[in-house]
Amino acid sequence: MNFRDSVPVVKMGQITSNMYRLGWNERNGGNISLLLDEGDVAGFADTGHVIRTIPTGFDARRLAGKYFLVTGTGKYFRNVADNPEDTLGLVRISADGSCAELLWGYSDGGKFTSEFPAHMMSHMARLAADPENRVVMHCHPTYTLAMNYVHELSDKAFTHTLWQMCTECIVVFPEGVGVLPWMLCGTNEIGEATAEKMRDFRTVIWGMHGIYCAGKTLDETFGLAETVEKAAQIYMLTLPAPRINTIRDDELVRLAEAFGVDYRRDFLS
Ligand code: 13P
Ligand code: ZN
């Protein structure tokens, strides 16, 4: 079988199509990296040799030998399902961590997303927190972005407001969300800042840019972004009207206790 028909490639096509249709990934906006096990790659005749090597531009030694399926820079999410060889690449991090060995994909001579540092550094941080983490996902969801312009950008304030917007938020992301100020994207610096937040949070807001989420599966990670975006949507839809009801802190506590989640107590007022 060809690697393009493998489960990870097909799933990437489905998830990127969904994200595009939700308006989260206009043009080439957003990127995804999926950590694969050797078993996901073994047995595909077209993944056996290194096509070319691509410098990482940072020290990725802690991920040496690991395989990642990564969206390509400048590629459109809406084209992934139809043309995975062009829009995705399968890479293996070299033994010294200085480059990515391309085993499949980027068929037009392209390379991994410009946000490769943020992805790989986030994988390192999340794997340290949860050895089962496999996914890092970046998107530009409309209402989350809108909220960035009218709401204080701090971990505590932003999280507290999101928790108040939908009953299930504190259950889905009890650790809250990390928030970064606007920073220049595509750099090692934003990668390092994201990874620092990823030690505590699976969700990181890039101020006036978008969301980074991490998780065990594509579905779970998508669900995290979806829940944050839903809460931001409620916030933006209700913003013009006087707020006469809310989910109170004592109710958030009851929810967290009923669902048995370990939440950020210091994020309550
Ligand atoms: P890439 O096309 O390089 O993945 O960049 C898209 C993006 O969203 C940058 O933050
Ligand atoms: Zn982006």
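The values are calculated or read from the model by the stated rules, or taken from the named source; none is laboratory data. No experiment lies behind these values; they were computed from the predicted model shown. For neighbour counting, all protein chains shown are included, and Cβ atoms are generated from backbone atoms with ideal geometry for every residue, glycine included. For the accessible areas, the whole protein counts, side chains as well, though only heavy atoms, and no ligand, DNA or RNA atoms are used. Shrake-Rupley method; radii C 1.70, N 1.55, O 1.52, S 1.80 Å.
Inspect all residues belonging to the stretch 191-214 and state whether any of them is farther than 20 Å from ARG126 by Cβ, under 22 Å from the mean Cα position of the chain (by Cα), within 16 Å of ligand 1 (Cβ to nearest atom) and touching a residue at least 40 places away in the same chain (Cβ under 8 Å).
So in the stretch 191-214, the residues farther than 20 Å from ARG126 by Cβ come out as 207-208.
Keeping just the survivors that are under 22 Å from the mean Cα position of the chain (by Cα) gives 207-208.
Still in the running and within 16 Å of ligand 1 (Cβ to nearest atom): 207-208.
Checking which are touching a residue at least 40 places away in the same chain (Cβ under 8 Å) leaves us with 207-208.
Within the stretch 191-214, one or more residues are farther than 20 Å from ARG126 by Cβ, under 22 Å from the mean Cα position of the chain (by Cα), within 16 Å of ligand 1 (Cβ to nearest atom) and touching a residue at least 40 places away in the same chain (Cβ under 8 Å).
Scanning the stretch 172-190 for residues that are open to solvent by 10 Å² or more (accessible area, probe 1.4 Å), within 13 Å of ligand 1 (Cβ to nearest atom) and either out of contact with any Ser or Thr (no Cβ under 6 Å at 6 or more places or on another chain) or of a type in the set (A, V, I, L, M, F, W, C) (or both) returns LEU180, TRP182, MET183, LEU184, CYS185, THR187.
Inside the stretch 56-83, can you point out the residues that are under 28 Å from SER17 (Cβ atoms) and touching a strand residue (DSSP E or B) at 6+ places or on another chain (Cβ under 7 Å)? I'd like the intermediate steps shown before the answer.
Within the stretch 56-83, the subset under 28 Å from SER17 (Cβ atoms) is 63, 66-83.
Matches in the stretch 56-83: LEU63, LYS66, TYR67, PHE68, LEU69, VAL70, THR71, GLY72, THR73, VAL80.
Which strands (runs of 3 or more DSSP E) does the stretch 160-269 wholly contain that include 3 or more residues that are at pLDDT 95 or above and β-branched (Val, Ile, Thr)? Please lay out each step first, then the result.
Details: elements: 178-180, 203-206, 210-215.
Strands (runs of 3 or more DSSP E) meeting the threshold: 203-206.
When the stretch 44-87 is filtered for residues that are farther than 18 Å from VAL7 by Cα and either open to solvent by less than 50 Å² (accessible area, probe 1.4 Å) or of a type in the set (Phe, Trp, Tyr) (or both), the ones remaining, listed by number, are ILE54, THR56, PHE58, ALA60, LEU63, ALA64, GLY65, GLY72, GLY74, LYS75, TYR76.
Does the stretch 4-25 include one or more residues that are away from ligand 2 (no atom under 16 Å from the Cβ), surrounded by 18 or more Cβ atoms within 10 Å (Cβ to Cβ) and of a type in the set (Ser, Thr, Tyr)? Full working, then the answer.
Restricting attention to the stretch 4-25, the residues satisfying the condition of being away from ligand 2 (no atom under 16 Å from the Cβ) are 4-15, 17-18, 21.
Filter again for surrounded by 18 or more Cβ atoms within 10 Å (Cβ to Cβ), leaving 6, 8-9, 12-13, 15.
From what is left, the residues that are of a type in the set (Ser, Thr, Tyr) are 6.
Yes, that holds for at least one residue.
With the structure loaded, tell me whether TYR235 is closer than 25 Å to LYS75 by Cβ, in contact (Cβ under 8 Å) with a residue 60 or more places away in the chain and touching a helix residue (DSSP H, G or I) at 6+ places or on another chain (Cβ under 7 Å) or whether it fails that test. No; evaluated as a whole, the condition is false for this residue.
Just need a number here: residues in the stretch 59-76 that are within 14 Å of ligand 2 (Cβ to nearest atom) and over 18 Å from GLY109 (Cα atoms). Residues flagged as within 14 Å of ligand 2 (Cβ to nearest atom) and over 18 Å from GLY109 (Cα atoms) within the stretch 59-76 amount to 0. Name the pairs whose Cβ atoms lie under 7 Å apart, with the first residue in the stretch 106-132 and closer than 19 Å to LEU180 by Cβ, the second of a type in the set (Phe, Trp, Tyr) and modelled with pLDDT of 95 or more, and 6 or more positions between them or separate chains? Pairs found: PRO117/PHE58; ALA118/TYR212; SER122/TYR212.
Which number in (1) more than 16 Å from ligand 1 (Cβ to nearest atom); (2) closer than 22 Å to ASN245 by Cβ marks the one condition that GLU229 misses? That leaves (1) as the condition not met.
Results for (1) among the hydroxyl-bearing types (Ser, Thr, Tyr); (2) more than 16 Å from ligand 1 (Cβ to nearest atom); (3) open to solvent by less than 20 Å² (accessible area, probe 1.4 Å), shown as yes or no for each residue.
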{"site": "SER94", "(1), (2), (3)": "yes, yes, yes"}
{"site": "TRP104", "(1), (2), (3)": "no, yes, yes"}
{"site": "ASN133", "(1), (2), (3)": "no, yes, yes"}
{"site": "HIS140", "(1), (2), (3)": "no, no, no"}
{"site": "CYS166", "(1), (2), (3)": "no, yes, no"}
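If the condition is being over 17 Å from HIS160 (Cβ atoms) and exposed (fewer than 10 other Cβ atoms within 10 Å of the Cβ), then the stretch 237-261 contributes PRO240, ALA241, PRO242, ILE244, ALA258, GLY260. Residue count for the stretch 142-159, restricted to those that are more than 16 Å from ligand 1 (Cβ to nearest atom) and either part of a helix (DSSP H, G or I) or at pLDDT below 95 (or both): 10.
Conditions (1) among the β-branched types (Val, Ile, Thr); (2) closer than 27 Å to MET183 by Cα, marked per residue:
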{"residue": "VAL204", "(1), (2)": "yes, yes"}
{"residue": "GLY215", "(1), (2)": "no, yes"}
{"residue": "LEU218", "(1), (2)": "no, yes"}
{"residue": "PHE222", "(1), (2)": "no, yes"}
{"residue": "ALA225", "(1), (2)": "no, yes"}
{"residue": "ALA231", "(1), (2)": "no, yes"}
{"residue": "TYR235", "(1), (2)": "no, yes"}
{"residue": "ARG243", "(1), (2)": "no, no"}
{"residue": "PHE259", "(1), (2)": "no, no"}
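For the stretch 108-131, a residue qualifies if it is within 9 Å of ligand 1 (Cβ to nearest atom) and either surrounded by fewer than 18 Cβ atoms within 10 Å (Cβ to Cβ) or in a helix (DSSP H, G or I) (or both), and the qualifying residues are SER114, PHE116, ALA118.
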